[in-house]
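Report on the structure given below.
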Amino acid sequence: MSSRKTFCVFAWIAMAVPCLFVLGCKGSAPPAPAASNPANDIVTVPLKVDRLDSSIDSIIPSDAKLERVATGFKWVEGPVWVNDSLYFAEIPSNSIRKWTPGQGVSIWLQPSGYKGSSAYGGPEPGTNGMTLDAQGRLTVAGHAQRDVLRFESLNPAQPPTVLADSYQGKRLNSPNDLVYRSDGSLYFTDPPYGLPTQHDDDPNKQLKVNGVYRIPHALDHKPGAPPDNAHVQLLVKDLTRPNGIAFSPGEKYLYVNNSEPKKIWMRYTVKPDGTLADPKLLYDATSDPRPGAPDGMKVDVQGNIYSAGPGGVWIFSPEGKPLGTIVMPERTANLTFTGPDLKTLYIAASSSIYRINVNIAGEPLVQSK
């Protein structure tokens, strides 16, 4: 759920804003790029859907519209709807923003990730993926802050609770995306994209693996309590860049995708104790040359998988068959289902936030037991 090294190249070419702007900033929070859209400046953009299977017609309406609701950023991530607003990370500016219909975009928290006194030295100093727990509390992959944290309220001045920041005495790499299970445990991916160099040989990297982890009792973690590092479980350690993560309806399976060098989607059976078994390759898109890679991921109530990938938003059947792709005008990072019927899909893609209505409701962020 992160931009890759290639994002910097994308930014230089497509937006004419050098990533050295971020690298050269003083202090913990680079200046925030201004959102260019006024409160009600919602723009309909051309929609193209690669319909690979006839079943995609039951998912994407024939008259569907792709709308851009906010733009003017560098790299947006982690969208999640809270109360009346869409919250999302703007990683290069080290901020969490919120978009409210009729009011536009405002900065909710800055700095959101790295808070050191010296220049960060990398392109992604902010936070990354976000979700909600069963109590509606905003839970965030700390990315450059190298932890997983939870906000006890929507008052950004209130200190968050850090749920975990290390494994077996070594600091996490840079938590990227996360999902709750109905038993209150929290699963998250931990590639190195939030480290200054974004490489495995980064001098700050302490863990040899880029893992998928579980915090068993995250929901019950008391506000303000120290991180529960002693109970963090490493579940997957053989993926090079684990990224997006989501449960199937009923939580029989956990889906995890991998961004590079192999662009793949994996499925794991969830055992009663929350650990994983039976890894299965669902799909390999490594040969797809279009911009983008497997990234943020969600499922709908029928088990279809929606994931950022090369070219836009990929939609798979529960068995991993590609049904179609929402071809996006920008490299896609993440997505979330919102609306009273959970049929509005908001998409974070490079400089903008988009939305499209679909026919099938998304699975709630936290499933019922």
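Laboratory data are not the source of any read-out in this text; all were calculated from the coordinates shown. What you are looking at is a predicted structure, and each value in this text was computed from that prediction instead of being measured. As a convention, Cβ positions derive from the backbone with ideal geometry for all residues, glycine included, and neighbour counts pool all protein chains shown.
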Taking the stretch 247-328 and dividing mean pair separation by its residue count, relative contact order in percent (alpha carbons under 8 Å, at least six apart): 21
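Which three numbers, in whole Å and largest first, are the semi-axes of the equivalent ellipsoid of the stretch 216-369 derived from its Cα gyration tensor as √(5λ)? Display every interim value, and only then the final one.
Values: eigenvalues 129, 75, 52 Å².
Sorted largest first and rounded, they come to 25, 19, 16 Å.
Using the 10 angstrom Cβ neighbour count as an exposure proxy, how do T286, T161 rank, fewest first? List each step's numbers first, then the result.
Details: T286 13, T161 20.
Fewest to most other Cβ atoms nearby, the residues stand as T286, T161.
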D57 versus N83: modelled label distance in nm, points set 7 Å from Cα along the beta carbon direction: 4.4
Distance (nanometres) between label positions extended 7 Å along Cα→Cβ at D238 and K321: 2.8
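May I ask you to derive the relative contact order of the chain, considering only C-alpha pairs under 8 Å and at least 6 residues apart, and to give it as an integer percent?
Working: 1048 pairs, mean separation 60.7, N = 369.
Across the chain, relative contact order equals 16 percent.
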Sites matching trypsin sites (Lys or Arg not before Pro) across the stretch 190-259 that sit in DSSP coil, with at most 11 neighbouring C-beta atoms within 10 Å: K208
Distant-in-sequence amide H partners of A361 (H built 1.01 Å from N, under 5 Å): V301
Distant alpha-carbon pairs in the stretch 215-275 (separation over 14 angstrom), percent: 65
Proximal lysines relative to K98, as straight alpha-carbon distance under 18 Å, when same-chain residues fewer than 8 apart are discounted: K74
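How do E363, E260, E124 line up, fewest other C-beta atoms within 10 Å first?
Working: E363 22, E260 17, E124 30.
By the 10 Å Cβ count, ascending: E260, E363, E124.
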Binned Cα-Cα distances of the stretch 294-369, short to long, each 10 Å bin given as a whole percent: 21, 55, 23, 1
Listed residue (L207, T161, P46) projecting farthest to the positive dipole end of the stretch 5-357, Cβ model: L207
Reciprocal of mean inverse Cα separation for the chain (Kirkwood radius, Å): 20.0
Per-residue ³J(HN,Hα) for the stretch 223-240, Karplus 6.51 cos²θ - 1.76 cosθ + 1.60, θ = phi - 60°, Hz, x for Gly and Pro: x, x, 6, x, x, 8, 5, 5, 9, 5, 10, 8, 9, 9, 10, 10, 9, 6
Summed residue charge, Cβ within 11 Å of T332's Cβ, Lys/Arg positive, Asp/Glu negative: -1
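Can you sort H231, H221, H143 by how many other beta carbons sit within 10 Å, fewest first?
Working: H231 14, H221 21, H143 33.
So the residues, fewest neighbours to most, are H231, H221, H143.
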Helix-only mean residue ellipticity at 222 nm for the chain, each DSSP H run of n ≥ 4 adding -39500 (n - 2.57), per residue, nearest 500: -500 deg cm²/dmol
Placed amide H near T286: partners under 5 Å, 5+ positions off or other chain: K263
Highest-MSF residue in the chain out of P160, P272, P192 [GNM, Cα springs under 10 Å]: P272
Label-to-label distance, nm, for residues given as D278 and S106 (7 Å Cα→Cβ offset): 4.9
